[in-house]
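J.: Let me begin by handing over the structure; questions about it come next.
The values are calculated or read from the model by the stated rules, or taken from the named source; none is laboratory data. As the structure is a prediction and not an experimental result, all values here were calculated from the model. Virtual Cβ from ideal backbone geometry, glycine too; neighbours counted across all protein chains shown.
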Amino acid sequence: MLLGACGSKDAAENVNLPSTMKMSATPTSGKIMRKMLEVEDRKVSEAEAEQALKGLGLSDDSANWASKKGKAGDYQYKNLSFKTDKNKTVQVANLKLDGVHMDGEQPTFDRMSLSNVKIADDKTNGTIDSLVLSRPEPEMAARILDMLANMDSFDDIDLDIKDGDFGFGAMMLEGMNMSGDDGNMTIDTFGWGTDETTGKGAFLAENIAVTGKAKHSKKPFELSLRSLSASDIEESIMNQMGKGMQGKSRRGMSPMQSGFGNFQMQDFTMLSGTTSFNMTGFQTETKTKGDVTTERQVLSPIYIKFSPESAAKGEWGDQLKMLSKIGVNELQITGQATKIKDAASDTLTVTDSFFVVKDIMDVRYDLEARGTGARGNSDALSNFQDMSINRMNLKITDYSMVEKGMAIAGEILGTSPKMTQMNARFGLMALPMMGKTEADKELLSDVANVAADFLSEGGTLDIKMNPPTPITARDLERLASGTTKGLNKYGLTVTHQP
């Protein structure tokens, strides 16, 4: 086991360079999404179709329309209107239903097409050019028509999605425009669908803009997205995205995890008065050959700028002012990763991977592991408990991370950065006492010395783990908690280069 200085220039030389990895996959398009909306013709008796229409709230005594035509499950309504409980009127210029039928005791349809929808109340005015929904489950079919008939404002739009399960095959929204006291929203295109053969998802969003009241600023917030498109998304990612759209937790979801298939995002921006966030691009490309799936990801620069002078009084404003005080007024972040999953051997290899915060730090990492769930559709990196690790390397190059970290800690603790650094070094002296054997104590003493040098001098900290036999996730938990005995089984080396 070797701990000490070593030569490594690649991280330092590339710290502020953008990724050069090139992508060739085209995720999806409006044409592909519209193909997902297609349904097969269904033969339905007139009696069954009329029963289903009544159950869906589209009988003669529950809605008004200028004209209705069609038969045997396929119908077209012109100038349809619903009177809500609060005497608001929802107007739909055209409603087309295909495959209206009974699913057991529940009414449903195969596809619904709405165009030129208008609604207005005291607070909001809005229009939708087109909305198409295909292959809904009966509960979703009833839910969306009931929502339409009882929608007093756009606040009532709630499809009651359960745990990310949308309950339909595909949907496409085009030309949505809302304006009101609390803000404005425009959407050119928003599509979501599942391939009936593979079970994998596709997603498309184009030209979305939202403005509203900011929570931590005196100024309004603005949100915009130029485009987001994806194909071959694994079910777990679709469910997580669904939960996020409903305001639920996206715990465990990050742009660099697996399962995004072929994914491309361009120009996502949030402006809050206190903070501007611009993700210029993110791409994932997935290719499968036999049992081997290679997934490559590139995160184009994210630009984050802070404006503490615009912050309202409170905790967030204080945090921004503290960042400004230590010289952090903006951040630029880039990254990339390559993951190779072999379903036959159930192994995962992570290589050519890094993320960079310009002028602050560069983090490079690679990994070889087994038992990652590569045989299934789940996210390999989320199955941590089942993993056994053959090799893991982490290299951190400091450009101002240590200095700024000590300054932040000093601001919080009320001490100078130099005193904070001395206290941190003093704390590392206690690390050897966690060793269970003399050999462990000697190793931890060397680790503490290397870490102390990194805190004092910056430079590059290189952590390698090459165990003689694979180690488990539980072994790593024991190492982190200080309850392990016999550190030699980890094959751990830690080196520092000033």
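J.: Report whether or not Ala480 is farther than 30 Å from Asp318 by Cα, free of Cβ contacts under 8 Å to residues at least 40 places away in the same chain and assigned to a helix (DSSP H, G or I).
T.: Yes: the conditions hold for Ala480.
J.: In this structure, is Thr334 under 21 Å from the mean Cα position of the chain (by Cα), assigned by TED's automatic domain parsing to the domain that holds Ala209, at pLDDT below 90 and outside any helix (DSSP H, G or I)?
T.: Here the answer is no, as Thr334 does not meet what is asked.
J.: When segment 387-442 is examined, which residues are found to be loosely packed, with under 14 Cβ neighbours inside 10 Å and among the small types (Gly, Ala, Ser)?
T.: Gly414, Ser416, Gly427, Ala430, Ala439, listed by residue number.
J.: Quickly run through segment 281-302 and pick out the residues that are in contact with a strand residue (DSSP E or B) (Cβ under 7 Å, 6 or more places away or on another chain), hydroxyl-bearing (Ser, Thr, Tyr) and closer than 18 Å to Val350 by Cβ.
T.: Initial filter on segment 281-302 (in contact with a strand residue (DSSP E or B) (Cβ under 7 Å, 6 or more places away or on another chain)): 281-287, 291-302.
So of that shortlist, the ones also hydroxyl-bearing (Ser, Thr, Tyr) come out as 284, 286, 293-294, 300.
Result: Thr284, Thr286, Thr293, Thr294.
J.: Further, regarding this structure: Would you pick out the residues in segment 342-380 that are small (Gly, Ala, Ser) and at pLDDT 85 or above? Step through it out loud before you land on a result.
T.: Residues of segment 342-380 that are small (Gly, Ala, Ser), as a first pass: 343-345, 353, 369, 371, 373-374, 376, 378, 380.
Ala343, Ala344, Ser345, Ser353, Ala369, listed by residue number.
J.: Looking at Asp453 and the list (1) farther than 22 Å from Lys404 by Cβ; (2) out of contact with any helix residue (DSSP H, G or I) (no Cβ under 9 Å at 6 or more places or on another chain), which single condition is not satisfied?
T.: (1) is the only condition that Asp453 fails.
J.: Here are some residues: Asp122, Asp146. Which one is among the charged types (D, E, K, R), part of a helix (DSSP H, G or I) and either modelled with pLDDT under 80 or farther than 24 Å from Gly167 by Cα (or both)?
T.: Asp146
J.: Follow-up. Counting only residues that are at pLDDT below 85, touching a Leu at 6+ places or on another chain (Cβ under 7 Å) and closer than 27 Å to Thr194 by Cα, how many does segment 212-232 have?
T.: Count: 0.
J.: Would you mind finding the one in Ser249, Ser258 that is more than 20 Å from Gln336 (Cα to Cα), modelled with pLDDT under 85 and not charged (D, E, K, R)?
T.: Numbers: Ser258 fails: more than 20 Å from Gln336 (Cα to Cα).
The match here is Ser249.
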